[in-house]
Amino acid sequence: MQRYFLPPEQFHEATHTVTIEGDDAHHLIRVMRADIGDKIICSNGVDREVLVRISELDKGHVTAEIVKELPMNAESAVQVWIAQSLPKGDKMETVIQKGTEIGAARFLPFLSERTIVQYDSKKEAKRTERWQKIAKEAAEQAHRNRVPQVESVYSWKQLLQRAKEADVAWICYEKEDGQQLKPAIQEAQAAGKLGQGKQVLIAVGPEGGFTEQEITQAEEAGFRSVSLGARILRTETAAMVGLTCIFYETGEMGG
């Protein structure tokens with residue numbers, strides 16, 4: 001069943017209806033070919049999700065009657081933040097799209113020493129807006145209850161400061177021959193750092209990886225370096241592998 005995230009003001013308590021406008025209305029009418037009587041799911045992305053029945057279709061505007069309230073139980077107990085050093089091309093879009101589908105709670109793009117792309121602060125707002133739209137569409141497709149937040153691009157120092165807000169912070173390092181991610185997860189679980197509502201940050205470097213100096217600085221700031229295995233992963237693959245490992249070990253994948 002199709003799902004849409006709507007601003008809270010589009011939920012109308014007095015009439016027990018919701019209104020769908022703009023791109024969402026266009027998608028519903030032109031792409032999904034919706035008709036009167038069709039049912040869809042609408043969420044405010046925070047604390048409310050409802051099943052609705054379409055009662056009116058107009059150009060750029062859809063009205064639907066609320067049929068019933070729905071439980072919000074599609075989010076993970078542990079909130080995982082993906083900190084991704086800006087990769088080349090459209091790889092960041094892939095990280096956001098697939099990371100959202102898997103269940104990431106937040107994305108923190110950042111700049112590091114070996115970041116290749118030329119960062120243009122003048123284009124940041126437009127780019128972040130596009131990334132947020134990708135997250136919204138992926139969350140709708142995956143039937144998420146919430147849309148993960150895509151934050152503005154951080155400097156390396158800003159990321160190290162932000163990591164202090166997390167209950168656990170890991171940094172993926174291909175030269176790490178000590179602890180791998182699985183035992184690190186198990187240790188964090190034993191310490192009570194991966195329970196309900198806990199926040200985990202996992203940082204992934206650019207195409208050239210992190211420098212030894214950055215790893216040292218990260219560890220001094222509270223990160224713990226971990227390995228994702230014997231094989232070298234692409235930067236856009238590493239985030240998805242790390243996220244999936246965390247969810248598997250914390251029971252989010254079933255079983």
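The values are calculated or read from the model by the stated rules, or taken from the named source; none is laboratory data. All figures in this text were calculated on a predicted structure; none of them were measured in a lab. As a convention, Cβ positions derive from the backbone with ideal geometry for all residues, glycine included, and neighbour counts pool all protein chains shown. Ligands, DNA and RNA are excluded from the accessible area calculation, which covers all protein heavy atoms including side chains. Shrake-Rupley method; radii C 1.70, N 1.55, O 1.52, S 1.80 Å.
Residues in the range 70-101 that are within 9 Å of the chain's Cα centre (by Cα) and open to solvent by 50 Å² or more (accessible area, probe 1.4 Å): Gln97, Lys98, Glu101.
Within the range 188-212, the set of residues being touching a residue at least 60 places away in the same chain (Cβ under 8 Å) and closer than 19 Å to Leu233 by Cα comprises Leu201, Ile202, Ala203, Val204, Gly205, Pro206, Glu207, Gly208, Gly209, Phe210, Thr211.
Listed here are the helices (runs of 4 or more DSSP H) enclosed by the range 150-228 that have at least 1 residues being open to solvent by less than 70 Å² (accessible area, probe 1.4 Å) and closer than 23 Å to Thr94 by Cα: 156-162, 181-190. Among the residues of the range 111-141, those that are among the hydrophobic types (A, V, I, L, M, F, W, C), modelled with pLDDT of 95 or more and out of contact with any Phe, Trp or Tyr (no Cβ under 8 Å at 6 or more places or on another chain) comprise Ile134, Ala138. For Val241, the conditions (1) open to solvent by less than 60 Å² (accessible area, probe 1.4 Å); (2) of a type in the set (A, V, I, L, M, F, W, C); (3) free of Cβ contacts under 8 Å to residues at least 24 places away in the same chain; (4) not in a helix (DSSP H, G or I) all hold with the exception of (4). Looking across the range 149-208, just one residue is under 16 Å from the mean Cα position of the chain (by Cα) and basic (Lys, Arg), and that is Lys198.
Residue check: is Thr216 touching a Pro at 6+ places or on another chain (Cβ under 8 Å) and either of a type in the set (Phe, Trp, Tyr) or on the phi < 0 side of the Ramachandran plot (or both)?
On the way: touching a Pro at 6+ places or on another chain (Cβ under 8 Å): no; either of a type in the set (Phe, Trp, Tyr) or on the phi < 0 side of the Ramachandran plot (or both): yes.
Here the answer is no, as Thr216 does not meet what is asked.
Suppose the filter is of a type in the set (D, E, K, R) and in contact with an Asp or Glu (Cβ under 7 Å, 6 or more places away or on another chain); does Lys39 pass it? For Lys39, the condition - of a type in the set (D, E, K, R) and in contact with an Asp or Glu (Cβ under 7 Å, 6 or more places away or on another chain) - is not met. Would you call Arg3 open to solvent by less than 30 Å² (accessible area, probe 1.4 Å), modelled with pLDDT under 95 and within 23 Å of Gln149 (Cα to Cα)? Yes; evaluated as a whole, the condition is true for this residue. Going through the range 44-69 one residue at a time, which ones are surrounded by fewer than 12 Cβ atoms within 10 Å (Cβ to Cβ), over 29 Å from the mean Cα position of the chain (by Cα) and part of a strand (DSSP E or B)? Within the range 44-69, Asp58 is the sole residue that qualifies.
Here Asp35 meets each of (1) of a type outside the set (A, V, I, L, M); (2) outside any loop (DSSP other than H, G, I, E, B); (3) open to solvent by 70 Å² or more (accessible area, probe 1.4 Å); (4) in contact with a Leu (Cβ under 9 Å, 6 or more places away or on another chain) with one exception, condition (2).
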